[in-house]
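Throughout, read-outs are computed from the coordinates displayed, never taken from laboratory work. Source: prediction; values computed, not measured. Note that each Cβ is placed from the backbone with ideal geometry, even for glycine, and that neighbours are counted across all protein chains shown.
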Amino acid sequence: MDLSAINPVLLIASLMVAATPILLAAIGELVVEKAGVLNLGVEGMMIIGAIAGFATAVESGSPTLGFVVAAAAGAALSLLFVFLTQVVLANQVASGLALTLFGLGLSALLGQSYVGVRPPEMAQIQLPVLSDLPFVGPILFSHDPVLYFGIALTAAVGAMLKFTRGGLILRAVGENHDAAHALGYKVVRIRILAILFGGACAGLGGAYISLIRVPQWTEGMTAGIGWIALALVVFASWKPWRALLGAYLFGGVTVMQLNLQAAGVAIPVEYLAMSPYLITILVLVILSADKSRAPAALGRIFHASR
Amino acid sequence: MTEPLLSLTGVTKAYPGVVANDKVSLVIQPGEVHALLGENGAGKSTLVKMIYGLVKPDSGDIRLNGAPFKPAEPRQARADGIAMVFQHFSLFDALSVAENIALGMENPPKMRDLAKRIRSVSETYGLPLDPARTVGDLSAGERQRVEIIRCLLQEPKLLIMDEPTSVLTPQEVEILFETLRKLRSEGTSILYISHKLEEIRALCDASTILRLGKNVGSCIPAETSARDMAELMVGSALKTPERRTRDFGPEALRVHNLSAAAPAEFGTALKNIQFSLRKGEILGIGGVAGNGQDELLAVLSGEMTTDPNSVQLDGAPIGDLGPTKRRALAVLSAPEERLGHAAAPDMSLTENAMLTGAVRENLAAGGFLKWSAARGFAERVIKEFDVRTPGTENTARSLSGGNLQKFVIGREVLQRPEILVVNQPTWGVDAAAAAAIRQALLDLAAEGTAILCISQDLDELMEISDAFAALNEGRLSAPRPTAGLDVEEIGLMMGGSHGMDVAHV
């Protein structure tokens with residue numbers, strides 16, 4: 001085996017790329033869960049975003065337009081979840097699972113003619129001096145704009161939840177929807193907005209896989225990333241910065257084990273392949289040993305007619 | 001005559017199958033403490049929800065300062081100077097005091113300024129409170145202060161209080177009344193909902209009485225006896241539970257050096273609890289909610305197990321036995337939370353009867369359920385305890401609070417317990433149903449059952465118990481005979497107001 005074949009600069013740069021879809025989906029779901037809604041349809045919304053973004057980018061030649069449409073498609077699919085859980089008050093777990101199955105099926109249908117097509121490439125951001133810095137330049141300052149958007153979104157969501165009135169109201173709705181209703185807040189409206197935001201983020205994350213990370217379209221290509229994002233939200237104790245840490249950790253170990261496989265390390269491939277899941281869960285379980293707990297109204301159905 | 005602050009004329013609100021308010025009228029003068037009286041289901045809550053904008057009336061006229069007033073939502077009612085303290089606190093456990101208060105304000109200032117204002121208001125009105133604390137860690141009295149301060153920061157013209165004293169110690173009630181009197185002297189009107197009549201006589205200037213959604217009278221509380229008001233509420237002569245003098249048998253239950261860790265994050269640890277209970281005796285345990293009541297019930301029912309010798313039945317150790325084994329030994333219990341603890345909300349009454357009665361009433365054999373026997377048992381509970389329900393196949397959730405409480409208590413009483421532990425047996429139950437439940441407990445004791453009654457309602461404990469002890473932060477005071485005990489002493493036993501004097505306001 002030859003460990004020297006692993007280039008640390010490429011490794012770190014590619015772990016950031018591998019982490020971004022998980023991060024985008026996790027941040028969206030985090031906001032949804034903070035509002036007291038458990039949407040298990042992340043995987044379905046991601047794959048719909050992946051095909052919608054891919055198809056748009058191929059047809060229009062614009063990856064940027066692809067991402068916009070992907071976000072819209074994710075949000076559109078989440079409208080189905082909104083209808084089921086907020087309008088007809090169906091069970092959230094079942095509705096979320098249905099959403100995932102529906103998304104996987106629909107995306108396979110839509111994507112039939114796109115298998116094997118190459119999407120247009122998204123230009124990387126080139127900053128005059130910073131991108132040319134040795135070592136740091138390729139790692140931090142030569143990525144696509146969506147990657148930076150993901151990090152900025154994490155910061156924005158963290159600040160919104162902690163420092164703004166909107167964030168306080170969102171948390172209050174997720175904590176005790178009856179009390180929020182009694183104070184005159186529109187529980188259902190706030191939750192619908194949160195679910196749409198979560199759908200848009202998942203759609204973006206999906207499109208990031210099909211347009212940048214892979215980049216091509218294959219059926220079921222999200223391959224469980226949505227579920228990882230869901231688990232990440234719980235293990236990150238509903239804290240945006242921990243979700244970022246978890247996503248990067250997972251991305252890092254994924255990229256690392258691929259490199260180790262390529263370098264021919266004498267560990268069976270199966271163990272290497274499961275390592276990202278094990279290590280991410282282990283670290284986040286240790287981190288989540290503090291007092292923080294789930295939003296108290298998470299997954300509970302709100303019925304206003306009292 | 002001055003113009004009234006708020007007047008309601010002929011207000012009607014119907015829900016499918018029931019008219020909650022039928023042409024109700026109510027007039028509140030500026031600077032008046034107005035009592036709204038009535039049993040459960042009399043329509044008090046619906047009425048105040050209409051004033052607060054949570055419910056829209058079907059017909060009728062509401063006027064605020066002479067102008068028509070139709071609040072579409074609480075926000076608008078708040079903007080017009082109406083504030084409300086809810087019966088079930090509408091607080092967010094995981095958020096801080098300041099965040100909770102900010103959520104109830106239209107245009108909250110920055111957090112730092114808000115904390116300052118909270119401190120100043122809490123000092124002015126004698127309601128000490130730290131804005132940075134997490135609400136989940138506060139006592140019931142402190143939580144209520146959060147709600148009151150949230151209202152006071154809006155400088156309301158009318159403050160609505162829905163059963164504010166049900167969870168407070170006598171000292172805390174005194175502090176609250178001082179605050180309310182100060183508010184009144186500043187010209188704020190208060191609409192005060194309660195069914196504690198002595199409090200209303202001490203505090204209120206006028207009252208309106210509702211029964212089954214209709215006005216049935218009004219009176220000046222200070223000039224009317226509590227009994228007359230109660231009879232107006234109930235609509236018939238009230239039966240006071242009779243207490244027969246009785247002799248106590250030998251010791252039945254002994255709790256010795258009982259300590260237990262808090263089972264949940266916001267729970268209370270029990271510390272070195274000692275008492276003994278004789279056959280036929282009723283021991284009343286008072287104390288502010290959250291001082292170990294739920295945990296005490298759990299160690300006695302067997303939900304929490306302890307060292308075997310900590311709990312002894314007729315001298316035999318039972319501390320390590322689970323609930324089913326204790327039920328077999330005739331140690332029964334009825335917890336406080338009706339929906340979800342004492343009864344499974346979405347199961348029928350037959351199924352709920354089966355759940356606790358299976359062991360003692362032989363409702364199951366060889367792992368199979370005897371449905372007809374269970375139905376018979378449920379029917380017996382319904383009949384003997386006058387539970388108003390169409391039948392045994394209705395879900396527990398469909399019963400009103402008072403009716404379900406009668407069912408839950410009756411289900412245990414009819415299983416002929418040797419020891420019965422009840423927590424808040426008449427919580428949120430109207431006067432007639434409460435009297436029936438108390439009478440059932442007294443009758444059971446007269447037949448030789450030892451009863452432990454945990455309650456927040458001191459009047460209830462004084463009425464039925466032979467001895468009284470208080471729980472404070474998981475410690476139990478030494479039991480004292482009820483006869484000759486006065487409210488002041490009880491307050492001190494309950495740990496007073498957590499070391500706080502009535503503030504000088």
| request: Taking 7 Å along the Cα-to-C-beta vector as the label spot, tell me the residue B:228-residue A:12 distance in nanometres, rounded to one decimal. | output: 8.6 nm
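What FRET efficiency, computed as 1/(1 + (r/R0)^6) with R0 = 60 Å and r the Cβ-Cβ distance, is obtained for residue B:70 and residue B:264, rounded to the nearest 0.05?
0.85
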| Spatial separation of Cα centroids for segment B:193-213 and segment A:31-100, in angstrom | 54 Å
| query | What nm distance separates the two modelled labels at residue B:276 and residue B:132, each placed 7 Å from Cα along Cα→Cβ? | reply | 5.0 nm
| request: Would you please give the residues with an amide H less than 5 Å from that of residue B:364, counting only those at least 5 places away or on a separate chain, with H modeled from the backbone geometry? | output: B:370
| task | Could you calculate, for segment B:210-322, the ratio of the Cα radius of gyration to the Kirkwood radius, expressed as Rg to Rh? | result | 1.19
| task | Report the relative contact order of segment B:1-118, percent, no decimals, based on alpha-carbon pairs under 8 angstrom and at least 6 residues apart. | result | 23 percent
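Could you grab the relative contact order for segment B:48-202? Cα pairs under 8 Å, six or more apart, rounded to a whole percent.
On the way: 195 pairs, mean separation 38.0, N = 155.
Dividing the mean separation by the residue count of segment B:48-202 yields 25 percent.
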| Can you pull the semi-axes for segment B:68-108, root of five times each eigenvalue of the Cα gyration tensor, sorted largest first, whole Å? | 22, 12, 7
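Round to the nearest 0.05 the FRET efficiency obtained for residue B:341 and residue B:202 when R0 = 45 Å and r is the Cβ-Cβ distance.
Numbers: r = 34 Å, r/R0 = 0.76.
Efficiency for this residue pair is about 0.85.
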| note | One finds, for residue B:112 and residue B:368 with R0 = 56 angstrom and r their Cβ-Cβ distance, a FRET efficiency to the nearest 0.05 of 0.30
| In whole Å and largest first, what semi-axes does the C-alpha gyration tensor of chain B yield when each eigenvalue is scaled by 5 and square-rooted? | 40, 27, 22
| task | Give the Cα extents of chain A along the principal axes, in whole Å, largest first. | result | 67, 46, 44
| In terms of Cα to Cα distance under 16 Å, which aspartates and glutamates are near enough to residue B:325, apart from those fewer than 8 places away along the same chain? | B:303, B:307, B:314, B:361, B:412, B:418
| When segment A:152-306 is reduced to its Cα atoms, the Kirkwood hydrodynamic radius in Å | 17.9 Å
| message | Restricting to Cα pairs below 8 Å that are 6+ residues apart, what does the relative contact order work out to for chain A? Please round to a whole percent. | response | 37 percent
| query | Around residue B:480, which amide H atoms from residues at least 5 apart in sequence, or from another chain, sit under 5 Å from its own amide H, with H modelled in the peptide plane? | reply | B:468, B:469
| task | Could you work out how far the C-alpha centroid of segment B:379-410 sits from that of segment B:112-149, in angstrom? | result | 40 Å
| note | Along segment A:58-74, Karplus-curve 3J(HN,Hα) (6.51, -1.76, 1.60; θ = phi - 60°) to the nearest Hz, with x for Gly and Pro, reads 5, 5, 9, x, 10, x, 4, 4, x, 5, 4, 5, 4, 4, 5, 5, x
| said: Just to check I understand the Karplus step: with θ = phi - 60° and J = 6.51 cos²θ - 1.76 cosθ + 1.60, what whole-Hz values come out for segment A:100-115, glycine and proline as x? | reply: 4, 4, 4, x, 4, x, 4, 5, 4, 5, 5, x, 3, 8, 9, 5
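Cross-link list A:186/B:182; B:56/B:214; B:110/B:182: which exceed 26 angstrom alpha carbon to alpha carbon?
Numbers: A:186/B:182 34 Å; B:56/B:214 18 Å; B:110/B:182 28 Å.
Check vs 26 Å cut-off fails for A:186/B:182; B:110/B:182.
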| said: What aspartates and glutamates does residue B:49 reach when the alpha-carbon gap must be under 16 Å and sequence neighbours fewer than 8 apart in one chain are set aside? | reply: A:178, B:22, B:58, B:61, B:73, B:80, B:162, B:163
| query | So, counting K/R as plus one and D/E as minus one, what does the shell of residues with Cβ under 14 Å around residue B:305 add up to? | reply | -2
| query | According to the square roots a ≥ b ≥ c of the eigenvalues of the Cα gyration tensor, what is the shape class of segment B:384-429, taking rounded for a/c under 1.5, prolate for a/b larger than b/c otherwise, and oblate for the remainder? | reply | oblate
| query | Can you give the Rg to Rh ratio of segment B:32-155, both from alpha-carbon atoms, with Rh computed by the Kirkwood formula? | reply | 1.00
| task | Enter the mean projected area of the convex hull around the alpha-carbon atoms of the protein assembly as shown, in nm², rounded to one decimal. | result | 42.0 nm²
| message | Along the Cα→Cβ direction, 7 angstrom out, place labels at residue A:186 and residue A:301. What is the inter-label distance in nm? | response | 2.3 nm
| Relative to the longest principal axis of chain A, what angle (0 to 90°, nearest 10) does the C-alpha long axis of helix A:145-163 take? | 30 degrees
| task | State the answer as a single residue: which of B:105, A:227, B:118 lies farthest towards the positive end of the charge dipole of the protein assembly as shown, with beta carbon charges of +1 for Lys and Arg and -1 for Asp and Glu, about the Cα centre. | result | A:227
| query | Applying the Karplus parametrisation 6.51 cos²θ - 1.76 cosθ + 1.60 with θ = phi - 60° to the phi angles of segment A:252-269, what ³J(HN,Hα) value in whole Hz is obtained for each residue in order, glycine and proline being reported as x? | reply | x, 5, 4, 5, 4, 5, 5, 5, 5, 4, 5, 7, x, 5, 7, 10, x, 4
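Count charges around residue B:296 for me, please; just the other residues with Cβ under 14 Å from its Cβ, Lys/Arg as +1, Asp/Glu as -1.
Values: positive: B:271, B:475; negative: B:294, B:295, B:303, B:336, B:473.
It works out to a net charge of -3.
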